[in-house]
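> Below are the structure tokens for one structure; questions will follow.
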Amino acid sequence: MTNISEPAWFPIALRLDGVRVLVVGGGMIAANKVRLLLAHRARVEIIAERLDEEMRAWEEDGAITHIATSADEPTLRATLPGCRLVYAATDDRAVNRSVAKLAHGMNIPVCAVDDPQPSTFITPAQVHRGLVRIAISTGGAAPVLARRLREQVESSIPEGTGTLAVFMQQQREHVGAHCPDISRRRQVWETFLDGTGAQAARAGDTTRARAILDDILASTTPRGEVWLVGAGPGDPDLLTLRALHMMQNADCVLYDQLLSPGLLDRVRRDAELVFVGKRRNKHTMPQEDINAELVRRAQAGQRVLRLKGGDPFVFGRGGEEIEALLEAAIPFQVVPGITAANGCAAYAGIPLTHRDCAQACLFVTGHARADGTLHLPWDSMARAGQTVVIYMGVSALPALCAQLMEHGLPPDWPAAIVERGTRPDQRVVTGTLGTLAAQARAADIGSPALIFVGEVVRHRVISPA
Ligand code: SAH
């Protein structure tokens, strides 16, 4: 509850283009405000004996007018009339307060910087994307908190939101002409915002965005689509902002076993969760059936989230799913995720490349064929000067190590295995090609695990406690 004695700050958006704004002060505090005011096209006048460098540059460019005197009462009385706002922005609180008092007496809104008590307005922190502005204020109580909140909001507003707003503004009349009914209009925009149309508009592709908007306007049934989203290797904090956004907007989520429970907790509560995981030799759902299920649900108008461990295009069969969608003309979006190699390397402290010993990095699959054989490019894998990262290689680990040695790497060549990387129960075993298979067996390392081969393992670093 707001304390009754606290000022009731009312947020408004003020038009400043071409109007006079007075700033008292010539230092950094004043410069911060002037920068903001100039960005809003105000006509800024400064009362200050001296100007700092940045302000002098503005003056030389003719962007501001400098009244070179102290902030004495006669000067203020002569300058204040006709100003829309006043900033008292010197580093002397007493001076700021006397400016505030004078301005207040003349009914001109005044902000004494960092001093809400004598102020009649305060400047909120803002997040700015073109036409879109989000103002955050703590009523002057905690400016640092406001800035921190601003950072949080900043990171959750996608790039291109300003461009999107302009597009929607331009299409308002068009949409209004097609749907006089306000709730239908809202539904059209909601569908547009959730889909590929908004993405096109954000990227500035107005032709495509308009075509998608027209499709939505023309369709009588809701328009389904599929979002192929990488969920990262396990730690929910490694989700991208975009993935999180989609998890909160999907109608249903098709996921597999690589996802940790903390991830699914972040899905919209009333979304339907469908497990389509594939365990080795225990196929719960063949890939063709998953493809068909994606198509069926999208055709029924659902926004289908296909959530995949790591990145959808790294050993994720994302390519095949997309082909099926293309064939059925289902719109889709692909969102990258942090692949296991990146996640495990970072959380285990093993660099993937290193100036001294690894100029390249190779991702390979260690998945054996049905007959148990491994068909891998051994000659390009068994080389110095690179890191080899092997996905799906736990069961073939002894064969992998043996083959790499047979193809020329020495038995003391560094190697490591990371089990359940980035999760709270992550385990890392480091050794050599000669020892790793036995070490992993002794430690009972299971899937999912990632194998690293190369001298980078020797450069492993762990943060001091
Ligand atoms: N698309 C995924 C990879 C799918 S293949 C990605 O980009 O990461 C599945 C293999 O990925 C597993 O067998 C294992 O080798 C690796 N993997 C996935 N998550 C892992 C984790 N948290 N820790 C270790 N390995 C992982």
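> Only one residue in R147, R133 is touching a residue at least 60 places away in the same chain (Cβ under 8 Å), in contact with a strand residue (DSSP E or B) (Cβ under 9 Å, 6 or more places away or on another chain), charged (D, E, K, R) and over 20 Å from M246 (Cβ atoms). Which one? Break it down into steps so the answer makes sense when it comes.
Working: R147 fails: touching a residue at least 60 places away in the same chain (Cβ under 8 Å).
One residue alone meets the criteria, R133.
> Could I ask something else about it? Which of (1) in a strand (DSSP E or B); (2) closer than 17 Å to L22 by Cα; (3) among the polar types (S, T, N, Q) does S119 not meet, given it meets every other one?
Exception for S119: condition (1).
> Hand me the list of helices (runs of 4 or more DSSP H) wholly inside the range 319-428 holding 2 or more residues that are modelled with pLDDT of 95 or more and surrounded by fewer than 18 Cβ atoms within 10 Å (Cβ to Cβ). Walk me through how you get there before you give the answer.
On the way: elements: 340-348, 378-381, 397-406.
The qualifying helices (runs of 4 or more DSSP H) are 378-381, 397-406.
> Can you find even one residue in the range 349-368 that is aliphatic (A, V, I, L, M) and more than 32 Å from the chain's Cα centre (by Cα)? Working first, answer last.
First, pick out the residues of the range 349-368 that are aliphatic (A, V, I, L, M): 350, 352, 358, 360, 362, 364, 368.
After this cut, where a residue has to be more than 32 Å from the chain's Cα centre (by Cα) as well, the list is 368.
Yes, there is a match, as at least one residue in the range 349-368 is aliphatic (A, V, I, L, M) and more than 32 Å from the chain's Cα centre (by Cα).
> May I ask you to list pairs of residues, at least six apart or on different chains, whose Cβ atoms are under 7 Å apart, with the first in the range 379-394 being in contact (Cβ under 8 Å) with a residue 12 or more places away in the chain and aromatic (F, W, Y) and the second being more than 7 Å from the ligand (Cβ to nearest atom) and not in a strand (DSSP E or B)?
That search, which allows pairs on different chains as well, returns Y391/G366.
> I'd like the full set of residues that are of a type in the set (V, I, T) and surrounded by 20 or more Cβ atoms within 10 Å (Cβ to Cβ), limited to the range 448-462. Walk me through how you get there before you give the answer.
From the range 448-462, those of a type in the set (V, I, T) are 451, 453, 456-457, 461-462; that's our starting set.
Correct list: I451, V453, V456, V457.
> I need the full set of residues from the range 299-316 which are within 11 Å of the ligand (Cβ to nearest atom), surrounded by fewer than 20 Cβ atoms within 10 Å (Cβ to Cβ) and over 21 Å from the mean Cα position of the chain (by Cα), in order please.
F315
> Of the numbered conditions (1) within 30 Å of G82 (Cα to Cα); (2) surrounded by 14 or more Cβ atoms within 10 Å (Cβ to Cβ); (3) modelled with pLDDT under 95, Q117 fails exactly one; give the number of that condition.
(2)
> While we're on this one: Please go through the range 317-342 and pick out each residue that is among the hydrophobic types (A, V, I, L, M, F, W, C), more than 16 Å from the ligand (Cβ to nearest atom) and in contact (Cβ under 8 Å) with a residue 24 or more places away in the chain.
A324, L325, A328, I330, F332
> Of all strands (runs of 3 or more DSSP E) completely enclosed by the range 9-77, which ones contain at least 1 residues that are touching a Phe, Trp or Tyr at 6+ places or on another chain (Cβ under 6 Å) and surrounded by 21 or more Cβ atoms within 10 Å (Cβ to Cβ)?
Details: elements: 20-24, 43-47, 64-67.
Qualifying strands (runs of 3 or more DSSP E): 20-24, 64-67.
> Ok, one more. Quick one: would you say V314 is touching a residue at least 40 places away in the same chain (Cβ under 8 Å), closer than 24 Å to R268 by Cα and among the aliphatic types (A, V, I, L, M)?
On the way: touching a residue at least 40 places away in the same chain (Cβ under 8 Å): yes; closer than 24 Å to R268 by Cα: no; among the aliphatic types (A, V, I, L, M): yes.
Criteria not met by V314.
> Which number in (1) surrounded by 20 or more Cβ atoms within 10 Å (Cβ to Cβ); (2) closer than 25 Å to A146 by Cα; (3) among the β-branched types (V, I, T) marks the one condition that T123 misses?
Among (1) surrounded by 20 or more Cβ atoms within 10 Å (Cβ to Cβ); (2) closer than 25 Å to A146 by Cα; (3) among the β-branched types (V, I, T), the lone unmet condition for T123 is (1).
> Quick check: anything in the range 224-238 within 24 Å of D270 (Cβ to Cβ) and at pLDDT below 90?
yes
> Out of the residues in the range 440-465 that are part of a helix (DSSP H, G or I) and either small (G, A, S) or within 16 Å of the ligand (Cβ to nearest atom) (or both), which is farthest from S380 (Cα to Cα)? Show your work before the answer.
Going through the range 440-465, the residues part of a helix (DSSP H, G or I) turn out to be 440-442, 455-459.
Still in the list and also either small (G, A, S) or within 16 Å of the ligand (Cβ to nearest atom) (or both): 440, 442, 457.
On the way: A440: 25, A442: 30, V457: 19 Å.
Among them, the one singled out is A442.
> Right, here's the next one. Condition first: of a type in the set (V, I, T) and within 13 Å of the ligand (Cβ to nearest atom). Now tell me which residues in the range 226-239 satisfy that.
Once the filter is applied, which keeps residues that are of a type in the set (V, I, T) and within 13 Å of the ligand (Cβ to nearest atom), the range 226-239 yields only V229.
> Under the condition of being in a loop (DSSP other than H, G, I, E, B) and not small (G, A, S), which residue from the range 429-439 is nearest to the ligand (Cβ to nearest atom)? Break it down stepwise before answering.
Of the range 429-439, the ones in a loop (DSSP other than H, G, I, E, B) are 433-435.
Next, from what is left, pick out any that are not small (G, A, S): 433, 435.
Details: L433: 18, T435: 20 Å.
Looking at residues that are in a loop (DSSP other than H, G, I, E, B) and not small (G, A, S), I get L433.
> Next question, about the same structure. Restricting to the range 343-369, give me the number of residues that are β-branched (V, I, T), within 14 Å of the ligand (Cβ to nearest atom) and touching a Cys at 6+ places or on another chain (Cβ under 9 Å). Explain how you work it out, then say what you get.
If we filter the range 343-369 for residues that are β-branched (V, I, T), which is where we start, we get 350, 353, 364-365.
Restricting the remaining residues to those that are within 14 Å of the ligand (Cβ to nearest atom) gives 350, 364-365.
Filter again for touching a Cys at 6+ places or on another chain (Cβ under 9 Å), leaving 350.
So the count comes out to 1.
The values are calculated or read from the model by the stated rules, or taken from the named source; none is laboratory data. Predicted model only: the values in this text are computed from it and were never measured. Please note: Cβ atoms are built from the backbone with ideal geometry, for glycine as well, and neighbour counts cover all protein chains shown.
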